[in-house]
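The values are calculated or read from the model by the stated rules, or taken from the named source; none is laboratory data. Since the model is a prediction, treat every value here as computed from it, not as a measurement. Note that we place each Cβ from the backbone using ideal geometry, even for glycine, and neighbour counts take in every protein chain shown. When the accessible area is computed, the model is the full protein with side chains, heavy atoms only, and any ligands, DNA or RNA have been set aside. Shrake-Rupley method; radii C 1.70, N 1.55, O 1.52, S 1.80 Å.
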Amino acid sequence: MGWAIALHGGAGDIPLTLPPERRLPREACLRHCLQLGVDALKSKKSPLDVVELVVRELENNPHFNAGKGSVLTTNGTVEMEACIMDGNTMKCGAVSGLTTVVNAISLARLVMERTPHIYLGFDGAEAFAREHGVETLDASHFITPANIERLKQAKEANRAQIDYMQPVQKNEKDAATTDGDSQIGTVGCVAVDNDGNLAVATSTGGFVNKMVGRIGDTPIVGAGTYANSLCAVSATGKGEAIIHGTVARDVAALMEFKGLSLEEAAACVVKERVPKGNVGLVAVSATGEVTMPFNTTGMFRACATEDGYSEIAIWPSTED
(Lines give C-alpha, C1' and ligand atoms only; values in the text may rest on other atoms or scores of the structure.)
Protein backbone atom coordinates (compact mmCIF):
# COMPACT_ATOMS: atom_id res chain seq x y z
CA MET A 1 0.00 0.00 0.00
CA GLY A 2 1.23 3.49 -0.83
CA TRP A 3 0.01 6.88 -1.94
CA ALA A 4 -1.03 7.52 -5.54
CA ILE A 5 -2.47 10.41 -7.52
CA ALA A 6 -3.88 10.86 -11.01
CA LEU A 7 -5.35 13.86 -12.83
CA HIS A 8 -6.86 14.66 -16.20
CA GLY A 9 -7.44 17.69 -18.37
CA GLY A 10 -10.10 16.28 -20.68
CA ALA A 11 -10.62 13.49 -23.21
CA GLY A 12 -11.82 13.62 -26.79
CA ASP A 13 -10.80 13.81 -30.42
CA ILE A 14 -7.33 15.25 -29.81
CA PRO A 15 -5.47 15.15 -33.14
CA LEU A 16 -1.86 14.00 -33.27
CA THR A 17 -1.24 17.23 -35.17
CA LEU A 18 -2.18 19.38 -32.17
CA PRO A 19 0.24 22.35 -32.53
CA PRO A 20 3.04 22.68 -29.94
CA GLU A 21 1.76 26.09 -28.84
CA ARG A 22 -1.46 24.41 -27.75
CA ARG A 23 0.02 21.14 -26.50
CA LEU A 24 3.05 22.30 -24.52
CA PRO A 25 1.30 24.71 -22.10
CA ARG A 26 -1.17 21.98 -21.16
CA GLU A 27 1.56 19.41 -20.63
CA ALA A 28 3.43 21.94 -18.48
CA CYS A 29 0.29 22.56 -16.42
CA LEU A 30 -0.26 18.83 -15.91
CA ARG A 31 3.37 18.44 -14.80
CA HIS A 32 3.08 21.36 -12.39
CA CYS A 33 -0.22 20.14 -10.92
CA LEU A 34 1.06 16.58 -10.57
CA GLN A 35 4.08 17.80 -8.61
CA LEU A 36 1.82 19.99 -6.49
CA GLY A 37 -0.29 16.95 -5.61
CA VAL A 38 2.70 14.69 -4.97
CA ASP A 39 4.26 17.24 -2.63
CA ALA A 40 0.97 17.60 -0.77
CA LEU A 41 0.63 13.84 -0.32
CA LYS A 42 4.22 13.57 0.87
CA SER A 43 3.56 16.31 3.43
CA LYS A 44 0.66 14.19 4.77
CA LYS A 45 -2.17 16.39 3.59
CA SER A 46 -5.47 14.51 3.39
CA PRO A 47 -6.53 13.21 -0.04
CA LEU A 48 -9.54 15.54 0.14
CA ASP A 49 -7.24 18.54 0.59
CA VAL A 50 -4.97 17.26 -2.18
CA VAL A 51 -7.65 16.86 -4.84
CA GLU A 52 -9.16 20.25 -4.02
CA LEU A 53 -5.73 21.87 -4.21
CA VAL A 54 -4.91 20.31 -7.59
CA VAL A 55 -8.28 21.05 -9.16
CA ARG A 56 -8.18 24.66 -7.94
CA GLU A 57 -4.86 25.01 -9.77
CA LEU A 58 -6.36 23.50 -12.92
CA GLU A 59 -9.38 25.82 -12.65
CA ASN A 60 -7.03 28.80 -12.52
CA ASN A 61 -5.31 27.77 -15.75
CA PRO A 62 -7.06 29.08 -18.91
CA HIS A 63 -5.79 26.13 -20.99
CA PHE A 64 -8.39 23.78 -19.51
CA ASN A 65 -12.18 23.83 -19.52
CA ALA A 66 -12.88 24.77 -15.91
CA GLY A 67 -12.78 28.00 -13.96
CA LYS A 68 -10.96 30.66 -16.00
CA GLY A 69 -10.95 28.45 -19.11
CA SER A 70 -14.65 27.53 -19.03
CA VAL A 71 -16.29 27.38 -22.44
CA LEU A 72 -19.46 29.25 -23.32
CA THR A 73 -23.14 28.43 -23.51
CA THR A 74 -25.24 29.22 -26.55
CA ASN A 75 -25.92 32.62 -24.96
CA GLY A 76 -22.21 33.38 -24.62
CA THR A 77 -22.19 32.93 -20.83
CA VAL A 78 -20.35 30.53 -18.53
CA GLU A 79 -22.08 27.95 -16.34
CA MET A 80 -19.46 26.13 -14.29
CA GLU A 81 -19.99 22.96 -12.27
CA ALA A 82 -17.96 20.81 -9.89
CA CYS A 83 -18.13 17.91 -7.46
CA ILE A 84 -15.93 16.63 -4.62
CA MET A 85 -16.25 13.38 -2.65
CA ASP A 86 -14.50 11.73 0.29
CA GLY A 87 -14.17 7.96 -0.04
CA ASN A 88 -14.21 6.85 3.58
CA THR A 89 -17.20 8.92 4.70
CA MET A 90 -18.80 9.07 1.24
CA LYS A 91 -19.66 12.67 1.97
CA CYS A 92 -19.91 14.77 -1.17
CA GLY A 93 -20.79 18.20 -2.46
CA ALA A 94 -21.72 19.47 -5.91
CA VAL A 95 -22.54 22.75 -7.64
CA SER A 96 -23.82 23.80 -11.06
CA GLY A 97 -24.66 26.96 -12.98
CA LEU A 98 -21.92 29.13 -11.49
CA THR A 99 -21.17 32.37 -13.29
CA THR A 100 -18.92 34.33 -10.90
CA VAL A 101 -17.24 31.82 -8.55
CA VAL A 102 -13.49 31.62 -9.17
CA ASN A 103 -13.06 28.08 -7.82
CA ALA A 104 -16.16 25.95 -8.20
CA ILE A 105 -14.50 22.96 -6.53
CA SER A 106 -14.03 24.85 -3.27
CA LEU A 107 -17.67 25.89 -3.26
CA ALA A 108 -18.63 22.24 -3.79
CA ARG A 109 -16.60 21.35 -0.70
CA LEU A 110 -18.38 24.04 1.31
CA VAL A 111 -21.72 22.58 0.23
CA MET A 112 -20.50 19.21 1.52
CA GLU A 113 -19.22 20.54 4.83
CA ARG A 114 -21.58 23.40 5.73
CA THR A 115 -25.02 22.43 4.45
CA PRO A 116 -27.36 19.48 5.00
CA HIS A 117 -27.46 19.05 1.22
CA ILE A 118 -25.28 17.57 -1.50
CA TYR A 119 -26.06 19.71 -4.53
CA LEU A 120 -26.72 23.44 -5.03
CA GLY A 121 -27.20 25.12 -8.39
CA PHE A 122 -27.50 28.45 -10.17
CA ASP A 123 -28.81 31.43 -8.13
CA GLY A 124 -28.91 29.42 -4.90
CA ALA A 125 -25.30 28.30 -5.30
CA GLU A 126 -24.19 31.85 -6.15
CA ALA A 127 -25.97 33.21 -3.07
CA PHE A 128 -24.38 30.53 -0.89
CA ALA A 129 -20.97 31.52 -2.23
CA ARG A 130 -21.53 35.17 -1.34
CA GLU A 131 -22.77 34.26 2.15
CA HIS A 132 -19.55 32.35 2.84
CA GLY A 133 -17.13 34.89 1.42
CA VAL A 134 -16.06 32.72 -1.49
CA GLU A 135 -13.96 34.58 -4.06
CA THR A 136 -16.02 35.80 -7.00
CA LEU A 137 -15.29 37.93 -10.04
CA ASP A 138 -17.47 39.56 -12.63
CA ALA A 139 -18.74 37.02 -15.16
CA SER A 140 -16.73 38.76 -17.88
CA HIS A 141 -13.52 37.45 -16.22
CA PHE A 142 -14.35 33.96 -17.48
CA ILE A 143 -15.22 34.94 -21.04
CA THR A 144 -11.93 34.69 -22.94
CA PRO A 145 -11.32 35.61 -26.60
CA ALA A 146 -10.39 31.99 -27.35
CA ASN A 147 -13.71 30.73 -26.03
CA ILE A 148 -15.65 33.41 -27.89
CA GLU A 149 -14.04 32.08 -31.08
CA ARG A 150 -14.84 28.47 -30.11
CA LEU A 151 -18.49 29.40 -29.61
CA LYS A 152 -18.52 31.14 -32.99
CA GLN A 153 -17.18 27.97 -34.65
CA ALA A 154 -19.77 25.82 -32.88
CA LYS A 155 -22.64 28.11 -33.87
CA GLU A 156 -21.50 28.12 -37.49
CA ALA A 157 -21.43 24.31 -37.39
CA ASN A 158 -24.84 24.33 -35.63
CA ARG A 159 -23.79 21.93 -32.90
CA ALA A 160 -22.59 21.68 -29.33
CA GLN A 161 -19.03 20.44 -29.08
CA ILE A 162 -17.65 18.04 -26.51
CA ASP A 163 -14.10 17.98 -25.19
CA TYR A 164 -11.52 18.42 -27.93
CA MET A 165 -13.97 17.72 -30.77
CA GLN A 166 -12.60 19.16 -33.98
CA PRO A 167 -14.76 21.89 -35.54
CA VAL A 168 -17.05 20.96 -38.39
CA GLN A 169 -15.63 22.73 -41.41
CA LYS A 170 -17.67 24.18 -44.24
CA ASN A 171 -15.33 22.89 -46.89
CA GLU A 172 -12.15 20.89 -47.38
CA LYS A 173 -10.03 24.01 -47.53
CA ASP A 174 -11.15 24.99 -44.05
CA ALA A 175 -10.70 21.41 -42.84
CA ALA A 176 -7.10 21.44 -43.96
CA THR A 177 -6.31 24.46 -41.81
CA THR A 178 -8.04 23.45 -38.57
CA ASP A 179 -5.82 22.92 -35.56
CA GLY A 180 -8.28 20.51 -33.96
CA ASP A 181 -8.60 22.60 -30.83
CA SER A 182 -12.25 23.53 -30.73
CA GLN A 183 -12.46 22.88 -27.04
CA ILE A 184 -10.33 22.47 -23.98
CA GLY A 185 -11.12 19.79 -21.42
CA THR A 186 -12.81 19.05 -18.14
CA VAL A 187 -10.42 18.65 -15.20
CA GLY A 188 -10.30 16.12 -12.38
CA CYS A 189 -8.06 14.60 -9.73
CA VAL A 190 -8.09 11.43 -7.61
CA ALA A 191 -5.79 10.62 -4.71
CA VAL A 192 -5.11 7.98 -2.05
CA ASP A 193 -2.78 8.29 0.94
CA ASN A 194 -0.66 5.70 2.75
CA ASP A 195 -3.61 4.73 4.93
CA GLY A 196 -5.91 3.99 2.00
CA ASN A 197 -8.01 7.14 2.36
CA LEU A 198 -9.48 8.18 -1.01
CA ALA A 199 -10.91 11.36 -2.54
CA VAL A 200 -11.95 12.75 -5.92
CA ALA A 201 -12.65 16.19 -7.37
CA THR A 202 -13.93 17.12 -10.84
CA SER A 203 -14.67 20.54 -12.37
CA THR A 204 -15.82 21.78 -15.78
CA GLY A 205 -17.38 24.50 -17.86
CA GLY A 206 -19.42 21.92 -19.79
CA PHE A 207 -19.23 21.96 -23.56
CA VAL A 208 -19.23 24.64 -26.20
CA ASN A 209 -22.63 25.98 -27.27
CA LYS A 210 -24.52 23.98 -24.65
CA MET A 211 -28.07 25.02 -23.86
CA VAL A 212 -28.40 27.38 -20.92
CA GLY A 213 -29.25 25.30 -17.86
CA ARG A 214 -27.70 22.09 -19.16
CA ILE A 215 -26.08 19.97 -16.43
CA GLY A 216 -23.43 17.41 -17.34
CA ASP A 217 -21.92 14.38 -15.66
CA THR A 218 -19.30 16.21 -13.57
CA PRO A 219 -21.53 17.20 -10.61
CA ILE A 220 -23.60 14.01 -10.71
CA VAL A 221 -22.36 11.64 -8.03
CA GLY A 222 -21.83 8.21 -9.58
CA ALA A 223 -21.59 9.51 -13.14
CA GLY A 224 -18.58 11.80 -13.53
CA THR A 225 -17.41 11.71 -9.93
CA TYR A 226 -17.40 8.97 -7.29
CA ALA A 227 -15.36 7.65 -4.37
CA ASN A 228 -15.85 4.99 -1.72
CA SER A 229 -13.55 2.84 0.43
CA LEU A 230 -12.35 0.91 -2.63
CA CYS A 231 -11.56 3.55 -5.26
CA ALA A 232 -11.90 7.12 -6.45
CA VAL A 233 -12.90 7.90 -10.05
CA SER A 234 -13.09 11.10 -12.12
CA ALA A 235 -14.49 10.84 -15.66
CA THR A 236 -14.32 13.13 -18.68
CA GLY A 237 -15.76 13.15 -22.20
CA LYS A 238 -19.35 13.38 -23.40
CA GLY A 239 -21.43 14.02 -20.30
CA GLU A 240 -24.65 12.49 -21.58
CA ALA A 241 -22.87 9.21 -22.40
CA ILE A 242 -21.15 9.19 -19.01
CA ILE A 243 -24.47 9.75 -17.23
CA HIS A 244 -26.10 6.93 -19.21
CA GLY A 245 -23.25 4.61 -18.24
CA THR A 246 -23.08 5.68 -14.57
CA VAL A 247 -19.36 5.44 -15.29
CA ALA A 248 -17.68 6.32 -12.01
CA ARG A 249 -20.02 4.23 -9.84
CA ASP A 250 -19.81 1.26 -12.21
CA VAL A 251 -16.04 1.08 -11.75
CA ALA A 252 -16.54 0.86 -7.99
CA ALA A 253 -19.42 -1.60 -8.34
CA LEU A 254 -17.38 -4.00 -10.48
CA MET A 255 -14.69 -3.97 -7.80
CA GLU A 256 -17.21 -4.38 -4.99
CA PHE A 257 -19.53 -7.00 -6.45
CA LYS A 258 -17.39 -8.76 -9.06
CA GLY A 259 -14.08 -8.63 -7.24
CA LEU A 260 -12.29 -7.07 -10.21
CA SER A 261 -9.08 -5.12 -9.82
CA LEU A 262 -9.17 -1.37 -10.38
CA GLU A 263 -7.56 -1.74 -13.80
CA GLU A 264 -9.94 -4.52 -14.85
CA ALA A 265 -13.02 -2.63 -13.64
CA ALA A 266 -12.06 0.65 -15.30
CA ALA A 267 -11.15 -1.07 -18.58
CA CYS A 268 -14.47 -2.91 -18.61
CA VAL A 269 -16.47 0.28 -18.13
CA VAL A 270 -14.52 2.28 -20.72
CA LYS A 271 -14.49 -0.47 -23.35
CA GLU A 272 -17.91 -2.03 -22.82
CA ARG A 273 -20.23 0.38 -21.01
CA VAL A 274 -19.72 3.55 -23.04
CA PRO A 275 -19.63 3.82 -26.87
CA LYS A 276 -16.20 4.42 -28.37
CA GLY A 277 -15.13 8.05 -28.59
CA ASN A 278 -17.06 9.23 -25.53
CA VAL A 279 -15.16 8.70 -22.29
CA GLY A 280 -11.92 8.68 -20.38
CA LEU A 281 -11.28 8.44 -16.66
CA VAL A 282 -8.59 8.50 -14.00
CA ALA A 283 -8.86 6.29 -10.92
CA VAL A 284 -6.91 5.13 -7.89
CA SER A 285 -7.63 2.30 -5.47
CA ALA A 286 -7.25 2.04 -1.70
CA THR A 287 -4.16 -0.13 -2.24
CA GLY A 288 -2.37 2.48 -4.34
CA GLU A 289 -3.20 1.22 -7.82
CA VAL A 290 -3.70 3.80 -10.57
CA THR A 291 -5.29 3.58 -14.02
CA MET A 292 -6.16 6.10 -16.76
CA PRO A 293 -8.10 4.38 -19.60
CA PHE A 294 -9.99 6.16 -22.40
CA ASN A 295 -11.82 5.21 -25.61
CA THR A 296 -11.30 8.58 -27.29
CA THR A 297 -8.39 9.63 -29.51
CA GLY A 298 -6.57 11.01 -26.49
CA MET A 299 -6.81 12.29 -22.94
CA PHE A 300 -4.61 14.83 -21.20
CA ARG A 301 -3.51 12.91 -18.13
CA ALA A 302 -0.84 12.48 -15.47
CA CYS A 303 -0.20 10.19 -12.52
CA ALA A 304 2.38 9.26 -9.91
CA THR A 305 2.72 6.56 -7.25
CA GLU A 306 4.87 6.18 -4.14
CA ASP A 307 7.00 3.46 -5.75
CA GLY A 308 8.36 6.01 -8.21
CA TYR A 309 6.16 5.48 -11.26
CA SER A 310 4.97 8.60 -13.05
CA GLU A 311 3.42 9.41 -16.41
CA ILE A 312 2.32 12.50 -18.33
CA ALA A 313 0.65 11.72 -21.64
CA ILE A 314 -2.03 12.66 -24.17
CA TRP A 315 -2.34 9.82 -26.67
CA PRO A 316 -2.23 6.03 -26.19
CA SER A 317 1.13 4.65 -25.13
CA THR A 318 2.93 1.89 -27.03
CA GLU A 319 1.77 -0.60 -24.41
CA ASP A 320 -1.87 0.40 -25.02
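If you take the Cα atoms of the stretch 1-56, find Rg, then find the Kirkwood Rh from the mean of 1/r over all pairs, what is Rg/Rh?
Value, to two decimals: 1.07.
Considering only protein heavy atoms, what per residue accessible area in square angstrom results for the stretch 57-140 with a 1.4 angstrom probe?
Accessible area per residue: 38 Å².
Note the full-extension length gain between MET90 and GLU240 as 0.36 nm times their separation in residues minus their Cα-Cα distance, in nm to one decimal.
Result for the pair: 51.6 nm of gain on full extension.
Taking a cut-off of 17 Å, what percent of all Cα-Cα pairs in the stretch 35-85 are separated by more than that?
45
Can you run the Rg to Rh ratio on the stretch 44-138? Use alpha carbon positions and the Kirkwood inverse-distance Rh.
Taking Rh as the inverse mean 1/r over Cα pairs, Rg/Rh reads 0.96.
Percentage of Cα-Cα pair distances in the chain greater than 35 Å, rounded to whole percent?
Of all Cα-Cα distances in the chain, 12 percent exceed 35 Å.
How long are the semi-axes of the equivalent ellipsoid of the stretch 250-316, defined as square roots of 5 times the Cα gyration tensor eigenvalues? Whole Å, largest first.
In descending order the semi-axes read 19, 18, 6 Å.
Which helices, counted as full DSSP H runs in the chain, have an axial Cα extent of no less than 24 Å and a Kyte-Doolittle average of -0.5 or above?
Those that clear 24 Å and a mean of -0.5 are 20-42.
Expressed as a rounded percentage, what relative contact order does the chain have, with Cα pairs under 8 Å and six or more residues apart?
26
What does the charge dipole of the chain about its Cα centre add up to, to the nearest 20 debye, if the Cβ of each Lys and Arg holds +1 and the Cβ of each Asp and Glu holds -1?
Dipole of the chain, to the nearest 20 debye: 580 debye.
Of the heavy-atom accessible surface of the stretch 237-320 (probe 1.4 angstrom), what whole percent is carbon and sulfur?
For the stretch 237-320, the apolar C and S fraction of the accessible surface comes to 49 percent.
Treat every Asp and Glu Cβ in the stretch 45-165 as -1 and every Lys and Arg Cβ as +1, leave all other atoms uncharged, and give the resulting dipole magnitude about the Cα centre to the nearest 20 debye.
It comes to approximately 180 debye.
Which semi-axes, in whole Å and largest first, does the equivalent ellipsoid of the stretch 199-282 have when worked out from the alpha carbon gyration tensor as the square roots of 5 times its eigenvalues?
23, 13, 9
Express the carbon and sulfur contribution to the solvent-accessible surface of the stretch 64-116 as a percent, rounded to the nearest whole number, probe 1.4 angstrom.
Heavy-atom surface of the stretch 64-116 belonging to carbon and sulfur, 1.4 Å probe: 48 percent.
Would you mind getting the accessible area per residue of the stretch 186-320, heavy atoms of the protein chains only, 1.4 Å probe, in Å²?
The answer is 36 Å² per residue.
How large is the helix-only mean residue ellipticity at 222 nm for the chain, computed as the sum of -39500 (n - 2.57) over DSSP H runs with n ≥ 4, divided by its residue count, in deg cm²/dmol to the nearest 500?
The helix-only estimate for the chain comes to -9500 deg cm²/dmol at 222 nm.
Pairs of lysines 8 or more apart, or on different chains, with alpha carbons under 13 Å: count those in the chain, would you?
Lysine pair count for the chain: 5.
Work out how much length HIS32 to CYS268 would gain on full extension: take 0.36 nm times their residue separation and subtract the Cα-Cα distance, in nm to one decimal.
Extending this stretch completely gives an extra 81.9 nm.
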